[in-house]
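The structure under discussion is supplied below as structure tokens; questions concerning it will follow.
Quick note: the coordinates plus some simple rules give every number you see, no bench work behind them. All values derive from a computational prediction rather than experimental measurement. Please note: Cβ atoms are built from the backbone with ideal geometry, for glycine as well, and neighbour counts cover all protein chains shown.
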């Protein structure tokens, strides 16, 4: 599997893009503003999207992707997401007011988008590549994803605060190699982290203490403009894991 990071931040400005991972050339994990850097031929080639949750920085470009590619495709863009995420997008985005309802347009028989509900713990296989929804805790229903090539696995946490079930799930992945985990807020903003269901470096360290295996650790979804300060706190809290700041354009092959 080849995973290219199209976006990995919590905000936009300059060259920052919100979350979107390109898997090989046909799958996206989340559809934040990073998806906007794809060429049209790449957009047309996307067959499936796996969404972590319904917040705009993770799904906001989904309607635009469908709109751009729809006239060039014979099949709809298929989206895997929690039932609560599907409900939120259908009722609050694809509602005819914010955007056309592409689950029934251009026609109910040939829509631009189809949704396939996924549940926590469920695995979906796409041509030998396995995508498993992992438990997380956020302000809205959310999952992380394990991407398993067979040879190795990459885990992307999505948005989450400390969630013991998430860390225990990692311990049951025998071929875990890469962990992309959010750390949005500074420790001084722990109240906002708790209120919004996000991580601080102290909460990250709490989770890492439960991890029983080595992993290559990358930090994502940091608050825009506070990345360096956040990484300093992460290094102080979890330096033994040699954490690195994930950057747009980075590629993982596993």
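Could you tell me the calculated FRET efficiency between residue 165 and residue 245, based on Cβ-Cβ distance and R0 = 25 angstrom, to the nearest 0.05?
0.45
Of 115, 50, how do they rank once you tally other Cβ atoms within 10 Å and put the fewest first?
Ordered by Cβ neighbours within 10 Å, fewest first: 115, 50.
I'm spelling it out carefully: the read-out is semi-axes √(5λ) of the Cα gyration tensor in Å, the candidates are (1) 27, 21, 19; (2) 30, 19, 17; (3) 38, 32, 16, and one was derived from this structure. Which label?
Looking at semi-axes √(5λ) of the Cα gyration tensor in Å for this model, the match is (2).
Can I ask one more? Using only the alpha-carbon atoms, how far is helix 227-238 inclined from the longest principal axis of the chain? Give it as 0 to 90 degrees, nearest 10.
Helix 227-238 sits at roughly 50 degrees to that axis.
Give the Cα extents of the stretch 1-141 along the principal axes, in whole Å, largest first.
34, 34, 31
Determine the distance separating the Cα centre of the stretch 138-181 from the Cα centre of the stretch 1-37; give it in Å without decimals.
Taking the Cα centre of the stretch 1-37 as reference, the centre of the stretch 138-181 is 18 Å away.
Order by neighbour count: 46, 104, fewest other Cβ atoms within 10 Å first, most last.
104, 46
Sticking with this one: I want the antiparallel fraction of DSSP beta bridges within the chain, as a percent rounded to 5.
Close to 55 percent.
Quick one: 99, 167, fewest Cβ neighbours within 10 Å first, how do they rank?
With the fewest neighbours first, 99, 167 line up as 99, 167.
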